Structures are given as structure tokens and as C-alpha cells.
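Each remark here refers to the structure printed beneath this line.
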Amino acid sequence: MLYSRISSNLHETSGPVIVFLHGLLGSGEDWQPALGHLNEWPTITVDLPGHGLSALESCNSFRDCCNQISDALLTQIASHRPIVLVGYSLGARIAMTGVAHHYFSSLNIQQLIVEGGNFGLQSEEDKQIRLKNDSHWADRFNNDPIGQVLNDWYQQPIFSSLKHEQRQELVTKRSVNLGSAVANMLMATSLAKQEYLLDSIKEADVKTHYIFGEDDDKFSQLAKQSSLSFSSVAQAGHNAHWEQPAAFAKIIYTQIQTHLTV
């Protein structure tokens with residue numbers, strides 16, 4: 001069973017619950033700075049397979065991961081309770097997959113908030129390139145000292161907005177991960193194995209909003225071209241909820257107030 005953290009007010013109201021899914025190498029703890037600005041609603045943060053206090057759990061596909069998330073949530077809340085599902089990067093891709101393919105059918109998801117999530121690759125060539133790249137990183141996570149791998153991981157272009165101090169902080173923070181567990185999750189949920197989700201997300205009966213950091217060129221373009229509603233977070237890159245937690249939380253607050261009956 002995946003580990004989850006619940007807020008103290010979870011059982012004080014029957015209103016919506018905000019559920020958070022972190023990115024690769026992270027854990028539910030990553031959301032703590034933003035949670036401090038969202039005290040009005042109960043929250044649940046889930047540690048994904050291979051991460052945090054779910055480090056010894058594993059999954060073999062997107063569907064398997066979604067099923068494990070559903071099982072964990074249903075131990076905490078009733079199936080009819082409204083959920084606002086927030087996912088970052090890998091967590092966003094899992095969240096979108098679950099909504100698009102109805103893998104969360106046992107949950108009452110009313111809103112989907114995506115931060116820096118890739119809708120998927122559309123050509124077989126791009127998928128093969130990505131699979132080769134993910135396989136390379138998985139091999140390194142399996143065999144090399146994790147601190148060494150992370151130093152190289154955070155040099156990738158997607159993290160270019162990070163300052164040196166931020167990069168070193170992330171390397172230190174993420175070094176608690178088990179390399180083999182990260183490698184397993186990386187391959188099970190590789191972007192190469194993900195279907196293209198944008199069309200299905202638009203057709204789903206769930207209000208979807210996209211969040212990106214203004215310095216995250218790749219994902220700002222994806223969001224703007226998607227025709228989904230979106231918000232930009234100033235002075236932030238790919239990891240906006242970590243770099244600007246108050247601004248990130250304000251967007252979630254506004255989305256819930258605007259689109260969900262409380």
C-alpha cells in the first residue's frame with residue numbers, strides 16, 4: 001500500500017480534498033511549502049511507488065500505478081468525496097493518464113491541475129529516442145552512486161532555470177532515494193510508454209487547468225498550444241510549486257473557488 005499523509009482537517013468536513021502527486025525523485029513532502037497556503041481545504045499527499053515512504057513499493061505500468069493510488073486514497077476517504085487532483089511532472093503524467101483512461105473510476109475526481117506535465121509523444125521515432133534516454137538513466141540509477149547520478153541529472157536542459165545553490169539543494173535532498181527503485185519507476189512510467197493524452201483530457205468530464213513556471217520554455221509552449229486553461233508562475237522554472245509555493249497555491253485556490261462548489 002502506498003504511503004499517504006493526510007491533513008488534520010480531513011475528517012472535519014465533507015467538502016473537496018486536494019490530492020497531490022509528486023514528480024520523479026520526490027515525495028509527498030515536496031508539497032509542504034505550498035500546503036501552508038492551502039489550509040482552507042483538507043489535503044492528501046501520496047508517495048508514489050519507489051519514492052519516499054513508498055520506496056519499497058513498485059509498479060509495472062501506468063495503470064498499475066493508478067490502481068495503487070486509488071487503493072491508497074480509498075483507505076482515507078469515501079469514494080463519493082470530491083477530489084481535486086494535482087500532479088507535478090511524473091505525477092502530472094500519471095494523473096492525466098488516470099483521468100484520460102478512467103483508471104480512477106472508483107474516485108470522484110472533479111478537477112485536474114497539471115504542473116509541468118507532458119501530454120505524450122506522437123511519433124514512434126520520438127518514443128524510441130525517449131526510451132533509449134530513459135534506459136540510459138535507469139542503468140545509471142541502478143549502477144552508479146546516486147549522488148553522482150543526480151549531479152548529472154540536474155544538469156539537463158529542463159532544469160536550466162535552477163541556480164547553483166538550488167541544484168545542490170536538490171541533489172542533497174534527492175540522495176536519500178534508492179537508485180534501483182527510481183530506475184524501476186522511471187522505466188515503468190517512461191514517457192515512451194505513455195499514450196498521447198491531450199485529446200482524451202479535453203473530452204473527459206473533468207475540469208483541467210495547466211500550471212507552468214514562466215522560465216520553463218518547453219512546458220509553457222505545451223500549455224499555450226494545448227487550448228487548456230493555464231496559469232504562469234513568475235520567477236519559476238519547471239518546479240514552480242517548490243520555487244514559488246505561495247503563488248502556486250494561490251492558483252489552486254482560485255481554480256477551486258472558481259470552478260468547484262464548496
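Scanning the range 1-22 for residues that are in a loop (DSSP other than H, G, I, E, B) and under 16 Å from C66 (Cβ atoms) turns up M1, L2, H22. When each of S226, S123 is tested for being at pLDDT 95 or above, touching a Leu at 6+ places or on another chain (Cβ under 8 Å) and at negative phi, the lone residue that passes is S226.
State whether the residues of the range 63-84 include one that is of a type in the set (G, A, S), more than 24 Å from P42 (Cα to Cα) and under 16 Å from the mean Cα position of the chain (by Cα). No, the range 63-84 has no match at all. Right, R167: among the basic types (K, R) and either buried (at least 18 other Cβ atoms within 10 Å of the Cβ) or assigned by TED's automatic domain parsing to the domain that holds Q111 (or both) or not? So R167 does not fit the description; no.
Residue-by-condition table, conditions (1) touching a helix residue (DSSP H, G or I) at 6+ places or on another chain (Cβ under 6 Å); (2) under 25 Å from W137 (Cβ atoms); (3) not acidic (D, E):
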position: M187; (1), (2), (3): yes, yes, yes
position: A204; (1), (2), (3): yes, no, yes
position: H209; (1), (2), (3): yes, no, yes
position: F212; (1), (2), (3): yes, yes, yes
position: L222; (1), (2), (3): no, yes, yes
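In the range 111-149, the residue that is surrounded by the most Cβ atoms within 10 Å (Cβ to Cβ) out of those that are aliphatic (A, V, I, L, M) and either over 25 Å from W31 (Cβ atoms) or under 19 Å from the mean Cα position of the chain (by Cα) (or both) is V114.
Looking at the range 204-214, can you tell me whether even one residue there is in a helix (DSSP H, G or I) and either buried (at least 16 other Cβ atoms within 10 Å of the Cβ) or in the same structural domain as L24 (by TED's automatic domain parsing) (or both)? For the range 204-214, residues in a helix (DSSP H, G or I) and either buried (at least 16 other Cβ atoms within 10 Å of the Cβ) or in the same structural domain as L24 (by TED's automatic domain parsing) (or both): absent. The test for being outside the structural domain of C59 (by TED's automatic domain parsing), of a type in the set (F, W, Y) and either in contact with a strand residue (DSSP E or B) (Cβ under 7 Å, 6 or more places away or on another chain) or at pLDDT below 95 (or both) holds for F159. Set side by side, the residues L178, L186, L191 differ, and just one is surrounded by fewer than 16 Cβ atoms within 10 Å (Cβ to Cβ), closer than 30 Å to Q128 by Cα and either touching a Pro at 6+ places or on another chain (Cβ under 6 Å) or among the aliphatic types (A, V, I, L, M) (or both), which is L178.
For the range 228-248, residues that are over 29 Å from E203 (Cβ atoms), in contact (Cβ under 8 Å) with a residue 60 or more places away in the chain and assigned to a helix (DSSP H, G or I) total 4. Would you mind stating whether N60 is touching a residue at least 60 places away in the same chain (Cβ under 8 Å), closer than 28 Å to K224 by Cα, assigned to a loop (DSSP other than H, G, I, E, B) and not hydrophobic (A, V, I, L, M, F, W, C)? So N60 fails the test.
Among the residues of the range 72-95, those identified as in a helix (DSSP H, G or I) and out of contact with any helix residue (DSSP H, G or I) (no Cβ under 6 Å at 6 or more places or on another chain) are A72, L73, L74, L90, G91, A92, R93, A95.
F104 meets all of the listed conditions (1) under 23 Å from Q221 (Cβ atoms); (2) modelled with pLDDT of 95 or more; (3) touching a Gly at 6+ places or on another chain (Cβ under 6 Å) but one, namely (1). Checked against (1) in a strand (DSSP E or B); (2) in contact with a Gly (Cβ under 9 Å, 6 or more places away or on another chain), W41 meets all criteria but (1). The listed residues are G36, G50, G26, and the only one of them that is within 20 Å of V233 (Cβ to Cβ), buried (at least 17 other Cβ atoms within 10 Å of the Cβ), in the same structural domain as N67 (by TED's automatic domain parsing) and touching a residue at least 12 places away in the same chain (Cβ under 8 Å) turns out to be G26.
The values are calculated or read from the model by the stated rules, or taken from the named source; none is laboratory data. Keep in mind the model is a prediction, meaning the values are calculated, not measured. Note that we place each Cβ from the backbone using ideal geometry, even for glycine, and neighbour counts take in every protein chain shown.
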